[in-house]
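Asker: There's a structure below that I have some questions on.
The values are calculated or read from the model by the stated rules, or taken from the named source; none is laboratory data. Quantities reported herein were computed from a predicted structural model and do not represent experimental measurements. Here the Cβ is made from the backbone with ideal geometry for all residues, glycine too, and neighbour counts use every protein chain on show. Please note that ligands, DNA and RNA were not included when accessible areas were found on the heavy atoms of the full protein model with its side chains. Shrake-Rupley method; radii C 1.70, N 1.55, O 1.52, S 1.80 Å.
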Amino acid sequence: MNVAGPASLRREPLRVAAVGGDGIGPEVTRAGVRLLERLAGDRLEIVSMDGSADRFLAEGVAISDVEWSLLGRCGGLLLGAFGDPRVPDHAHAEAWVLDLRRRLELYANLRPIKPLHDALVPLRNVRARDIDVLIVRENTEGAYSGIGWQRARDTSEEVAVVEDRITRRGVERVLAAGFALARERRRRLHLADKSNAMRAHDLWRRVFDALRAEYADVEATAMYIDALCYELVHEPAQFDVVVTGNLFGDIASDVGAALQGGLGVSPSACKKLDHPGHVAVFEPVHGSAPELSGLGRANPFASMLSAAMLLEHLGMPDAVARVRASMTRAVEARQTTPDLGGKLDTAEAAEAVLERLQG
Ligand code: NAD
Ligand code: IPM
Ligand code: MN
C-alpha cells in the first residue's frame with residue numbers, strides 16, 4: 001500500500017498545494033504548512049490557492065480550470081476547511097471537498113483514531129494505548145453520489161430524494177484496501193453498514209464474504225452502523241480497521257474524534273490506494289468552525305497531523321510518529337490551545353510542537 005519510496009523524496013522537489021478555505025481553515029493550514037516547511041525543507045514547493053467563500057462570491061468560480069490542472073500536478077494537497085454562511089447551498093465547499101474526492105478518485109478516506117495522551121481520552125478506565133482505530137471511509141459514492149431530486153418545493157406535497165448509490169467496484173476496492181491495511185496492522189477488520197434497513201446494502205455483505213475468504217488471516221466481523229457507533233464508545237479496544245460507507249464514515253469519524261480529544265486533533269487522508277504517485281488530499285476532519293474564526297483559538301494539531309500524513313505519502317515514513325511524539329510532549333506540558341486545556345493561541349501551539357520535534 002506504500003505509494004512512494006523514500007527515494008522520491010530525495011530526488012524530486014515536493015510540490016504541495018495548500019488551500020486554507022474558510023473560517024479557521026487558513027489559520028490551521030498555516031500551521032500545517034509550517035510543519036511541511038520544517039520537515040521537508042528546501043525541497044518543498046508550496047502552491048497556495050484561494051478556496052475561500054470570499055473569492056467564490058467575488059468571481060463565481062470555486063476551482064478554475066487552470067487550478068484543476070495545477071492540482072493534478074501536485075504530489076499532495078493540504079486542505080483547510082470549507083463552509084461559510086454566505087454560501088447557503090455549499091457550492092464552493094462541494095467543489096473543494098466532494099468534487100475533488102470524486103474527480104481524483106480518492107476512494108479511501110483514512111481517519112485514524114489514536115489518542116496522543118491518556119488525558120485526552122474522555123472514557124472511564126480507558127487509556128490512550130487502548131484506542132488505535134483506522135476508519136476507512138468510502139469517499140466517492142453512497143449518499144454523497146449527488147443523485148436525487150426535489151419536487152413541489154415549499155408545498156405540503158414536497159418530496160425530497162437522496163439516492164445512496166453504491167457500486168460493486170466501489171465497494172470492492174475500499175473493502176480490499178481495508179483488508180490489506182488490516183494485514184499491515186493488527187489483522188482485525190469490522191465492516192459497518194445498515195443492510196437490515198437498507199436492503200441494497202447487502203452488496204457490502206456479499207463483497208465482504210468473498211473478501212474475508214481471500215484474507216483468511218484477518219479476523220473479520222460485520223456489524224450495523226448503529227451498533228458500531230455504540231461499541232466505539234462502549235469498548236473501543238476491540239477495533240482495528242473499520243470499513244464503512246461514505247455517510248456512515250463521516251458520522252463515525254466524528255464519534256471517533258471525540259474519543260481522542262476532539263475534532264481539533266483529528267486528521268485525515270483521502271487516497272487512491274494502490275495507485276503509486278497519485279495526487280492525494282490531506283485535511284482535518286473538522287470544518288470551518290466560524291465561531292472560532294480569527295480568535296486564535298483553533299487547534300492546529302489536526303492540520304499538522306494531516307500534513308505529516310502528506311509527508312508519509314511523499315515518502316517520509318516516520319513523519320507521523322515524529323509529529324505525534326512531539327505533540328504528546330506538548331500536551332504533557334499543557335502547551336496547547338484551550339480545547340486541550342492549554343492557554344496558547346493557534347500559532348503558539350503550532351510552535352510548541354515544532355520546537356519539540358526531534359531529529
Ligand atoms: P466544525 O467541525 O466546524 O465544528 C464542530 C465543533 O468543533 C465546533 O464546536 C468547533 O468550535 C469545534 N472545532 C472544530 N475544529 C476545531 C479546532 N481546530 N480547534 C478547536 N475546536 C474545533 O463543524 P460544523 O460546525 O458542523 O460546521 C461548520 C462549517 O464547516 C459548515 O459549513 C460545514 O459544512 C463545514 N465543514 C467543512 C468540512 C471540510 O471542509 N472538510 C468538514 C466539516 C464541516
Ligand atoms: C468531512 C465533512 C464533509 C463530508 C462535508 C463538508 C461535505 O463533514 O470531510 O467530514 O461530509 O465529507
Ligand atoms: Mn464530517
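Asker: State whether one or more residues within segment 55-65 are away from ligand 2 (no atom under 12 Å from the Cβ), without any contact (Cβ under 8 Å) to a residue 12 or more places away in the chain and hydrophobic (A, V, I, L, M, F, W, C).
Answerer: Yes, segment 55-65 contains a residue that is away from ligand 2 (no atom under 12 Å from the Cβ), without any contact (Cβ under 8 Å) to a residue 12 or more places away in the chain and hydrophobic (A, V, I, L, M, F, W, C).
Asker: Hey, another quick one. List every residue pair whose Cβ atoms sit under 6 Å apart, with the two residues 6 or more apart in sequence or on different chains, where the first one lies in segment 281-293 and is at positive phi and the second, anywhere, is open to solvent by less than 40 Å² (accessible area, probe 1.4 Å) and more than 10 Å from ligand 3 (Cβ to nearest atom).
Answerer: Once the first residue is at positive phi and sits in segment 281-293, its partners that are open to solvent by less than 40 Å² (accessible area, probe 1.4 Å) and more than 10 Å from ligand 3 (Cβ to nearest atom) give Ala289/Gly23; Ala289/Ile24.
Asker: Here's a follow-up. In this structure, does Val320 turn out to be without any contact (Cβ under 8 Å) to a residue 40 or more places away in the chain, closer than 27 Å to Leu175 by Cβ and either touching an Asp or Glu at 6+ places or on another chain (Cβ under 8 Å) or not in a helix (DSSP H, G or I) (or both)?
Answerer: Taking the combined requirement at face value, the residue satisfies it.
Asker: Determine if segment 15-34 includes at least one residue that is under 23 Å from Thr346 (Cβ atoms), out of contact with any Ser or Thr (no Cβ under 6 Å at 6 or more places or on another chain) and free of Cβ contacts under 8 Å to residues at least 12 places away in the same chain.
Answerer: Within segment 15-34, none of the residues are under 23 Å from Thr346 (Cβ atoms), out of contact with any Ser or Thr (no Cβ under 6 Å at 6 or more places or on another chain) and free of Cβ contacts under 8 Å to residues at least 12 places away in the same chain.
Asker: Just give me the residues in segment 60-78 being in contact with a helix residue (DSSP H, G or I) (Cβ under 7 Å, 6 or more places away or on another chain) and within 20 Å of Leu314 (Cα to Cα), in sequence order.
Answerer: Filtering segment 60-78 for residues in contact with a helix residue (DSSP H, G or I) (Cβ under 7 Å, 6 or more places away or on another chain) gives 62-63, 76-78.
Matches in segment 60-78: Gly76, Leu77, Leu78.
Asker: Oh, and also: For the subset of segment 98-112 comprising residues that are open to solvent by 30 Å² or more (accessible area, probe 1.4 Å) and either at pLDDT below 95 or hydrophobic (A, V, I, L, M, F, W, C) (or both), which member is farthest from ligand 1 (Cβ to nearest atom)?
Answerer: The extreme case among them is Leu104.
Asker: Just to verify a result, which residue in segment 11-54, among those that are of a type in the set (Lys, Arg) and within 20 Å of His278 (Cβ to Cβ), is modelled with the highest pLDDT?
Answerer: The initial filter retains those residues of segment 11-54 that are of a type in the set (Lys, Arg), namely 11, 15, 30, 34, 38, 43.
Right, trim to within 20 Å of His278 (Cβ to Cβ) and you get 11, 15, 43.
Working: Arg11: 57, Arg15: 96, Arg43: 91.
It comes out as Arg15.
Asker: Taking into account only those residues within segment 198-257 that are hydroxyl-bearing (Ser, Thr, Tyr) and within 16 Å of ligand 2 (Cβ to nearest atom), which is farthest from the chain's Cα centre (by Cα)?
Answerer: Ranking the qualifying residues of segment 198-257, first place goes to Thr244.
Asker: From (1) loosely packed, with under 13 Cβ neighbours inside 10 Å; (2) closer than 23 Å to Ser52 by Cβ; (3) of a type in the set (Gly, Ala, Ser), pick out the condition that doesn't hold for Gly83.
Answerer: Of everything listed in (1) loosely packed, with under 13 Cβ neighbours inside 10 Å; (2) closer than 23 Å to Ser52 by Cβ; (3) of a type in the set (Gly, Ala, Ser), Gly83 misses just condition (1).
Asker: What is the one condition in (1) under 25 Å from Asp99 (Cβ atoms); (2) within 13 Å of ligand 2 (Cβ to nearest atom) that Pro276 does not satisfy?
Answerer: (2)
Asker: Restrict the check to segment 271-280 and report whether at least one residue is within 27 Å of Val126 (Cβ to Cβ) and aliphatic (A, V, I, L, M).
Answerer: Within segment 271-280, the subset within 27 Å of Val126 (Cβ to Cβ) is none.
Checking segment 271-280: not a single residue is within 27 Å of Val126 (Cβ to Cβ) and aliphatic (A, V, I, L, M).
Asker: Identify, by number, the condition in (1) in contact (Cβ under 8 Å) with a residue 60 or more places away in the chain; (2) near ligand 1 (Cβ under 9 Å from one of its atoms) that Arg297 doesn't meet.
Answerer: Unmet for Arg297, out of (1) in contact (Cβ under 8 Å) with a residue 60 or more places away in the chain; (2) near ligand 1 (Cβ under 9 Å from one of its atoms): (1).
Here is a yes/no grid of residues against (1) hydroxyl-bearing (Ser, Thr, Tyr); (2) open to solvent by less than 20 Å² (accessible area, probe 1.4 Å); (3) farther than 11 Å from Thr346 by Cβ; (4) touching a Lys or Arg at 6+ places or on another chain (Cβ under 6 Å):
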residue: Pro300; (1), (2), (3), (4): no, yes, no, no
residue: Ser306; (1), (2), (3), (4): yes, yes, yes, no
residue: Arg322; (1), (2), (3), (4): no, no, yes, no
residue: Val331; (1), (2), (3), (4): no, yes, yes, no
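Asker: So, in segment 278-297, of the ones that are under 17 Å from the mean Cα position of the chain (by Cα) and away from ligand 3 (no atom under 16 Å from the Cβ), which residue ends up nearest to Gly25 (Cα to Cα)?
Answerer: Filtering segment 278-297 for residues that are under 17 Å from the mean Cα position of the chain (by Cα) and away from ligand 3 (no atom under 16 Å from the Cβ), the one nearest to Gly25 (Cα to Cα) comes out as Ala280.
Okay, residues lined up against (1) within 16 Å of ligand 1 (Cβ to nearest atom); (2) not hydroxyl-bearing (Ser, Thr, Tyr):
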| position | (1), (2) |
| --- | --- |
| Arg186 | no, yes |
| Asp217 | no, yes |
| Ala227 | no, yes |
| Gly245 | no, yes |
| Ser253 | yes, no |
| Leu259 | yes, yes |
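Asker: A further question on this structure: So which residues in segment 251-261 are more than 13 Å from ligand 3 (Cβ to nearest atom) and either within 19 Å of Gly80 (Cα to Cα) or not in a helix (DSSP H, G or I) (or both)?
Answerer: Gln260, Gly261 - these are the residues of segment 251-261 that are more than 13 Å from ligand 3 (Cβ to nearest atom) and either within 19 Å of Gly80 (Cα to Cα) or not in a helix (DSSP H, G or I) (or both).
Asker: Further question: In the set Gly51, Gly76, which member is open to solvent by less than 60 Å² (accessible area, probe 1.4 Å), more than 16 Å from ligand 2 (Cβ to nearest atom), within 19 Å of the chain's Cα centre (by Cα) and within 22 Å of Val28 (Cα to Cα)? Step through it out loud before you land on a result.
Answerer: Numbers: Gly51 fails: more than 16 Å from ligand 2 (Cβ to nearest atom).
The conditions single out Gly76.
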